[in-house]
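Below: one structure, written as C-alpha cells.
Since every read-out is calculated from the coordinates, none of them should be taken as a lab result. Computed from a predicted structure; not experimentally measured. As a convention, Cβ positions derive from the backbone with ideal geometry for all residues, glycine included, and neighbour counts pool all protein chains shown.
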C-alpha cells in the first residue's frame, strides 16, 4: 500500500468509483482526538449501538448549539436517528458510520 511504501497518507485513489479523494474513505490522522474518543465509545457500547448513540448525542448537541429548546433536541434526535435504526438493522453499518464523518471501525 501507498501508506506503508512512502510513509505518508495517500490523498487520491484511482480504485474506487474512478478516483476520489481519500479523505472520505481512508485518511488517518494521528492527532485526531475525536477519532480516538469515537473508537473508545464504539468499543465500550459496541459498533451498532455506539453508532446510534453518537447520532442521538450529536443531533442533541447540534440542536442546543442552534439554541433550540432541550425537548425539541430530544424529539428531533429521536426523529432524525430513526433512519439509523433501519439501516443498522439491515446490516449497513458502514453506511451509518459514514454519516458520522470520517471514522474507522475498531
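Relative contact order of segment 32-100, please, whole-number percent, based on alpha carbon pairs below 8 angstrom and at least 6 residues apart.
Value for segment 32-100: 29 percent.
Taking a point 7 angstrom from the Cα of residue 20 along the C-beta vector, which residues in segment 66-96 have backbone N less than 20 Å away?
From segment 66-96, the list is 84, 87-88, 91-96.
When the chain is fully extended, how far beyond the present Cα-Cα distance does residue 89 get from residue 72, taking 0.36 nm per residue of separation?
Value of the extension gain: 3.5 nm.
Would you list 20, 38 from fewest to most Cβ contacts within 10 Å?
Sorted ascending by nearby Cβ count, the order is 20, 38.
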